[in-house]
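The next block holds one structure in the form of structure tokens; read it before the comments.
The values are calculated or read from the model by the stated rules, or taken from the named source; none is laboratory data. Because the structure is predicted, anything quoted here is derived from the model rather than measured. Please note: Cβ atoms are built from the backbone with ideal geometry, for glycine as well, and neighbour counts cover all protein chains shown. Calculation scope for accessible area: heavy atoms of the full protein, side chains included, ligands and nucleic acids excluded. Shrake-Rupley method; radii C 1.70, N 1.55, O 1.52, S 1.80 Å.
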Amino acid sequence: MTYLNYVILYCFLQINGERSVYSVFHILKGKKSSQSIQDAHIFHLQPFFLSLPKLKRPYFNQKVRELEKAGWINVGENDNARVSSEGPLVVKQYFLDKAFPSEMNGLIHGDQARLFWMRLSLLVQVLSNAKRQEFLYYPVQRNRQIQEWVKNCIRTNPNSDNLSSLLFKELTTLLNIQGSDPSLLVYRLTGYKDYGWTELQVAEKLGMDVEECRFRFLNLLHRMLTEIEKDPKGYPLLYSLGLKSDHRQNLTISTSKTYDLYKRGHSLEEIARIRKLKLNTIEDHVIELILTEEGLGIDPFITREDFVNVLKVMKEAQTKRLKHIKEKLPHLSYFQIRVAIAKAGETRESATRT
């Protein structure tokens, strides 16, 4: 068993058999669909969204089979995984010894962390080589947009010594208050004639499997970004590294278009007609907006009384299954029930701690 087995088992515990095993696969890969984003919110799996964008289905299936063989889950005919009575204890004991990625939030920092790391790693390489007057080397990041960003950063701050000092000061201050092992990041940085280590090399150096190394690295990046956003004036350079060009990137593109029309006062039916989409699709977008846009009201879609009634059924039956709630509250539409579930998911803690 590897670290990923226990992450997947934790996710199955959260979902509690109410989705197929592949809902977890899509969350780990960070599938930009309304359904995956909703599931990440509703089942409080935000930390793991977009944590493994290169995860392959055969490898995921292998991990699921290993959990099944160990007797920790039972996969039903509809690919729903039920965790055995032993499962919760197994997860708890494992994460007592191994660090749980409690600082991660892939829905907020998933894309941003990747952008931040690419800019940071290239900037460190460029400044390190500039200090030694070396200008012929292979850049660690080949992405043209990342390279252009670093060039613009250098143009804005032409004194490379001052820029290096500022970066060192901010990184040192930040890493000293993290409480995490800074070597997870430092070993991977490339400088003058000193190439950063791969994920595998860092894992071997620190005595952990590569999957644990990846999650701990992401946990560190996400925590750094959270700290930077709390105090942007204290980390002006690092804050600029993490700036996103599109403030809507946590929404799918289609949902953003729906939101623009909704804010102009169009009804859901009108939006469906304007966009030439099915009403169900527009309703999916609304659920995504409730989960991702702070303070979006649900009054236009469900009464306060009905919202409270849905919460009661969810609590009494310990389920988020639409069919079960519909049987108890037949006067409500499935969309109204989904609105209530989404709002309930938005107001709870972002991730249940192991």
Report the label-to-label distance for residue 253 and residue 97 in nanometres (one decimal), using points 7 Å from each Cα along the Cα→Cβ vector. 4.6
Could you work out the equivalent-ellipsoid semi-axes for the chain, taking the square root of 5 times each eigenvalue of the Cα gyration tensor, largest first, in whole Å? 40, 27, 17
How big is D, in µm² s⁻¹, for region 102-158 by Stokes-Einstein at 4 °C and 1.567 mPa s if Rh is the Kirkwood radius over C-alpha pairs? 104
Any chance you could look up the accessible area of residue 128 with a 1.4 Å probe, heavy atoms only, rounded to 10 Å²? 40
Just the accessible area for residue 239, please: 1.4 Å probe, Å², rounded to the nearest 10? 80
For region 142-199 versus region 279-351, the gap between their alpha-carbon centres in whole angstrom: 44
For region 28-75 and region 80-102, write down the distance between their C-alpha centroids in whole Å. 15
How far, in degrees from 0 to 90, does helix 304-317 lean away from the longest principal axis of the Cα atoms of the chain, to the nearest 10? 90
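How about region 78-169: which GluC sites (Glu not before Pro) there are in a DSSP loop, with at most 14 other Cβ atoms within 10 Å of their Cβ?
Hits after loop and neighbour filter: 86, 134.
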Under Karplus coefficients 6.51, -1.76 and 1.60, residue-wise ³J(HN,Hα) of region 226-236 in Hz, glycine/proline x: 4, 5, 4, 6, 6, 9, x, 6, x, 9, x
Leaving out ligands, DNA and RNA but keeping every protein chain, what accessible area does residue 160 have, in Å² rounded to the nearest 10, with a 1.4 Å probe? 40
Beyond 15 Å, how much of the Cα-Cα pair distribution for region 135-199 remains, as a whole percent? 67
Two decimals is fine: what's Rg over Rh for region 51-183, C-alpha atoms, Kirkwood radius as Rh? 1.14
Among the Cα-Cα pairs of region 200-283, the proportion with separation greater than 19 Å, in percent, is 62
Once the dipole of the chain is set up from charges on Cβ (+1 Lys and Arg, -1 Asp and Glu), the residue from the list 301, 93, 140 lying farthest towards its positive end is 140
Once amide hydrogens are built 1.01 Å from N within the peptide plane, the residues lying 5 or more places from residue 191 or on another chain with amide H under 5 Å from its amide H are 196
Output for region 152-291 (equivalent-ellipsoid semi-axes, sqrt of 5λ from the C-alpha gyration tensor, Å, descending) is 41, 21, 14
Using C-alpha positions alone, give me the convex hull volume of region 1-92 per residue in cubic angstrom. 90
Explain nothing, just the number: dipole magnitude of the chain about its Cα centre with +1 on each Lys and Arg Cβ and -1 on each Asp and Glu Cβ, in debye rounded to the nearest 20. 720
